[in-house]
Amino acid sequence: MSEHHLDARRLLCPMPVIKTQNKVSDLNVGDILHVACTDPGVLSDIPAWARINGHEVISQQENEDEIIITVRVGS
C-alpha cells in the first residue's frame, strides 16, 4: 500500500472526478489517494463515483478554501 496525492484545486465539475478516476487507474488495490479540491460539489460527486466503482472514501476534510477527500482504491 502506498499513498498518493492529486491536486484538483481550481477545477470545476466534472474535472475533479475525471482526474481522480484517471489517477486511480494507475494505482494498486489498497493504495490511498488524497484529492485536494476547491469545488464543493466533490463532497457528493467523489463519494458517488467511489461507491459505483468499488472504492472507499475514508475521510473528507473541509477547511476555509480547500477540501481533502481520501480514497482507498478498491478492486
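For the reader, a short list of remarks on this structure follows.
- Surface per residue (accessible, 1.4 Å probe) for the chain, Å²: 60 Å²
- Only DSSP H runs of four or more residues enter the estimate; each adds -39500 (n - 2.57), and after division by the residues of the chain the mean residue ellipticity at 222 nm equals -9000 deg cm²/dmol.
- Listed peptides 18-28, 54-64 by packing density, highest first (mean Cβ within 10 Å): 18-28, 54-64
- Percent accessible area from carbon and sulfur atoms, the stretch 3-72, protein chains only, probe 1.4 Å: 48 percent
- Helix axis angle, 42-53 relative to the chain longest principal axis, alpha carbon, degrees: 20 degrees
The values are calculated or read from the model by the stated rules, or taken from the named source; none is laboratory data. Since the structure is predicted, the reported quantities are computational estimates derived from the model, not experimental observations. Don't worry about glycine lacking a Cβ; one is built from the backbone with ideal geometry, like all the others, and counts go over all protein chains shown. Only protein heavy atoms, including side chains, enter the accessible area calculation; ligands, DNA and RNA are left aside. Shrake-Rupley method; radii C 1.70, N 1.55, O 1.52, S 1.80 Å.
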